[in-house]
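Participant: Below you'll find the structure I mean.
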Amino acid sequence: MALRMTAHYLRNNPTQPGLNVKVLLLLCIASGVWGSQVVVPPRVSAVLGKNVTLGCRIQVDSNLSLTQSSWERRLPTGSVTLAVYNPMFGISIPPEYVRRLSFRSPSTHDATIILEDVGFADIGVYTCKVATFPLGNTQASTTVSVLVEPKVYVSAGSSALMDGGNDTTVATCIAERARPPADVSWETDLYGTSEAHMADDANGTTTTQVHYSWQPTRHAQGHTLTCVVRHPALQSDFRIPYIINVQFAPDILVLGYDGDWYVGRENVQLKCRAKANPPAHHFRWIRLDGDMPDGVETMNNSLIFLRPLQRNDSGVYRCEVGNDIGLRSRDIRIRIQDPPSTTAMPPTTPVLLLNAGISVTAPGNKQRALFTSPTLAPLHEGNLGTIVGGAVGGALFLLLLLVLGGIYYQRQRRTFRGDYYTKQYLGPSDMQKAPQPHELQQVYSNEAGRASPDSKVKPSHDGNGIIYPDKDREEWGDFDRERSPNGRSRVIREANAHHNYHNHHQSYHPKPHHPHPSHPHSFHPGQHNHRGSLQPEHRRYPAPQSMGNGSPYLPEDCYDNDYVSHTDGSMISRREWYV
């Protein structure tokens, strides 16, 4: 009624379009057109053979009341009512749709229906109508299209994939009778090419085929091709994997020979391992440089030596393997070496015994057990260098210790002024000046008259003193008898006698001028020697010679290395040195 009033007003006032729009809005508001609204999707896609939902949401103001809601289908012959919902009278569906159509949840706000088992005949325009009081009818339309889900599968190429062959169709991915046409592709890491073909079918469907071509190689055996199909009727991408099957002749690998086969080695064999497609079914072992030796047996793909290896087992052996594609072989040269000089044997006892044989008797058993030293395993070549290096390093270390010991010993000898077997005393540098030759000549000449008749004054070889003849060494036997009660040795008595004699000589001869008058070893007239009482009446030994450094020392033959000198200038008997 409001629309009729609006049309009548526009026909009567066609010259004022701006005013007409304002009047139209006022009329619509006054008549309550904006009081109700029907909301439906503009398009709906249905999958062939599945259900489709046609939604219709109703928005009604509080001043309006819903009379009924319905669905109609527009056909070339006119509109056809599919379903009606009345709040007071219920639901009404025609017989031809009663099994395929239903309301989802009918109410004053929802008129959604479900159409089952959609076919191509269901393609068209559907309208949702709402009748309100006092407004009247309100409607909205949606278009239904039918999608056909493709049938996807993968077929192998027409010819087998042969290793090293030309480009061959590996497989074909097919998306059959799809509406709209499906998007088909291949995913792989191989370097091949794809080629697509499309064909139209009935009912507007399309079949798509994509061929994948590639040059076969055995290294791609077992790799995967993946067919990927995308279509609106599919909820996600459809993926089909395809395993590549490349046929090739056997690829042979001989195992078992480690290069260390020697005479006498046991439990050895050669195994022929073959990788082939189709699988290998023929294995054969032959020897190329002679007949197969005795004691060798072929079992499946293995060549087994049933006895210890011999020298004549050396040679060239061939393994032949065949399948439906072809026959292949692999040669291997075997060299039998001399046996090792020593072999590792377990020790006879838990403890390593270095002796050749040790007899052990248990406390509670009278039997004796003979333990022999085990045979040691040969050293590995990797350890030989370590052992040699350790031996050389140890020798160098010992040599260094010997050199350091020699240096230390030489320094000790230099700090000790004289040693146990010294034959020349080295006195301090500050001792008194050596007596002049004429003084010693006069002293020993006067004393010679009172000495033993065997003593004779003779000029020394260097002109600085006198030399007395050798004494009989049997006089050393009086050592114990001439030892003083207080334990002093004859050396001390002789030294004291020499000092007393020297003091007596100085009482008759004036002391010459000495460059060191305060030297502790110089003697003066009037000094009393507390050892003067020990001087014998006749000296049994000649007076000591005057050495070049000014210190008196007894001759070599007289003392016979019986004295030890010290760094302070004193001398004691070797016998008292060890007391």
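The values are calculated or read from the model by the stated rules, or taken from the named source; none is laboratory data. In this text the structure is predicted, and so the values were computed from the model without any measurement. Methodologically, a virtual Cβ is constructed for each residue, glycine included, from the backbone with ideal geometry; neighbour enumeration extends over all protein chains shown.
Participant: Does any residue of region 110-129 turn out to be of a type outside the set (K, R) and modelled with pLDDT under 90?
Facilitator: no
Participant: Suppose we filter region 84-113 for residues that are in contact with an Asp or Glu (Cβ under 9 Å, 6 or more places away or on another chain) and not hydroxyl-bearing (S, T, Y); how many remain?
Facilitator: 5
Participant: Condition check: charged (D, E, K, R), surrounded by 11 or more Cβ atoms within 10 Å (Cβ to Cβ) and farther than 30 Å from Q247 by Cβ. Does R284 satisfy that? Write out each step before concluding.
Facilitator: Values: charged (D, E, K, R): yes; surrounded by 11 or more Cβ atoms within 10 Å (Cβ to Cβ): yes; farther than 30 Å from Q247 by Cβ: no.
No, not satisfied.
Participant: Going by the structure shown, is R218 within 17 Å of N323 (Cβ to Cβ) and assigned by TED's automatic domain parsing to the domain that holds R307?
Facilitator: It is false that R218 is within 17 Å of N323 (Cβ to Cβ) and assigned by TED's automatic domain parsing to the domain that holds R307.
Participant: With respect to G290, is the statement that it is part of a loop (DSSP other than H, G, I, E, B) and either of a type in the set (K, R) or within 41 Å of the chain's Cα centre (by Cα) (or both) true? Spell out the reasoning first.
Facilitator: Working: part of a loop (DSSP other than H, G, I, E, B): yes; either of a type in the set (K, R) or within 41 Å of the chain's Cα centre (by Cα) (or both): no.
When the stated conditions are applied, G290 does not pass them.
Participant: So for region 176-196 (the condition being in contact with a Phe, Trp or Tyr (Cβ under 7 Å, 6 or more places away or on another chain) and touching a residue at least 60 places away in the same chain (Cβ under 8 Å)), does at least one residue qualify?
Facilitator: Residues of region 176-196 that are in contact with a Phe, Trp or Tyr (Cβ under 7 Å, 6 or more places away or on another chain), as a first pass: 186, 190, 192, 194.
When the remaining residues are screened for being touching a residue at least 60 places away in the same chain (Cβ under 8 Å), the result is none.
No, region 176-196 contains no residue that is in contact with a Phe, Trp or Tyr (Cβ under 7 Å, 6 or more places away or on another chain) and touching a residue at least 60 places away in the same chain (Cβ under 8 Å).
Participant: Mind listing whichever residues of region 61-83 are more than 30 Å from V148 (Cα to Cα) and out of contact with any Leu (no Cβ under 6 Å at 6 or more places or on another chain)?
Facilitator: Within region 61-83, D61, S62, N63, S65, L66, T67, Q68, S69 qualify.
Participant: Being touching an Asp or Glu at 6+ places or on another chain (Cβ under 6 Å) and not aromatic (F, W, Y) narrows it down to one residue among G315, G264, G326, G290; which is it?
Facilitator: Working: G264 fails: touching an Asp or Glu at 6+ places or on another chain (Cβ under 6 Å); G326 fails: touching an Asp or Glu at 6+ places or on another chain (Cβ under 6 Å); G290 fails: touching an Asp or Glu at 6+ places or on another chain (Cβ under 6 Å).
Residue meeting the stated conditions: G315.
Participant: Related question: So, of the residues in region 235-283 that are without any contact (Cβ under 8 Å) to a residue 24 or more places away in the chain and aliphatic (A, V, I, L, M), which turns out to be nearest to L327 (Cα to Cα)?
Facilitator: Only one residue fits best here, namely L255.
Participant: Let me ask something else about it. Look at D289 and say whether it is of a type outside the set (F, W, Y), at pLDDT below 95 and exposed (fewer than 12 other Cβ atoms within 10 Å of the Cβ).
Facilitator: The answer is yes for D289.
Participant: Scanning region 182-201 for residues that are part of a loop (DSSP other than H, G, I, E, B) and in contact with a strand residue (DSSP E or B) (Cβ under 6 Å, 6 or more places away or on another chain), which turns out surrounded by the most Cβ atoms within 10 Å (Cβ to Cβ)?
Facilitator: First pass over region 182-201, keeping only residues part of a loop (DSSP other than H, G, I, E, B): 182, 188-192, 201.
Filter again for in contact with a strand residue (DSSP E or B) (Cβ under 6 Å, 6 or more places away or on another chain), leaving 182, 188, 190, 192, 201.
Numbers: A182: 28, T188: 19, L190: 16, G192: 18, D201: 13.
Here the residue is A182.
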